[in-house]
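Let me begin by presenting the structure, written as structure tokens, before commenting on it.
Read-outs throughout are calculated quantities, based only on the coordinates presented, and are distinct from any laboratory measurement. Computed from a predicted model, the values in this text were never measured in an experiment. Reconstructed Cβ throughout: ideal geometry from the backbone, glycine too, with neighbour counts over all protein chains shown.
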Amino acid sequence: MTLMRYYSPFREMQSLQREMNHLFESLAPVTNKDKLGFVPAAEMEETREAINLKLEVPGIDPKDIDVEVTAESITISGQRHEETKTEEEGTTRTEFRYGQFSRTIGLPARVQNTEVKAEYKDGILKVTLPKAEAEKNKVVKVNVG
């Protein structure tokens, strides 16, 4: 006689649910006011005229974002403030990251840091960094060997 295990897809789904909940609880960020809260994702595109940079900073008020540009790099810093909540009963879980952030990105070409423009819309910070005149007209000789 062969023993066969009774297969219950609902039991398997419940087990998977418990494992996912446990994983979520173990990975939930702990707010630490002394350390940086998060590092926003960035996207950079270089054209002949400028370097276009986009940073993902949803939920941050534009007045809480600081942008500093040199000829060779850009530093973007800011803070996402934690919302205060009072709760009578139950549990609150969050994957949001709160606190300060700072990101310095080296630029692939020299820029005119006095002509930089920034726009914040729908949680995306778009920064346009015009290239310096010398970079626009730069011709590089390549040796074929």
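Just a few scattered comments:
- Under 5 Å between amide hydrogens, built in the peptide plane, is the criterion, and for LEU107 it picks out SER73, ILE74 among residues at least 5 positions away or on other chains.
- Rounded to whole numbers, the Karplus 3J(HN,Hα) couplings from phi for the range 109-118 are 8, 5, 10, 8, 5, 7, 10, 6, 10, 10 Hz, using 6.51 cos²θ - 1.76 cosθ + 1.60 with θ = phi - 60°, and x at Gly and Pro.
- Amide H contacts of LYS131 (H built 1.01 Å from N, under 5 Å, at least 5 apart or other chain): ALA50, ILE51, GLN112
- Simple spin-label estimate for THR47 and PHE10 in nanometres, 7 Å along Cα-Cβ: 5.9
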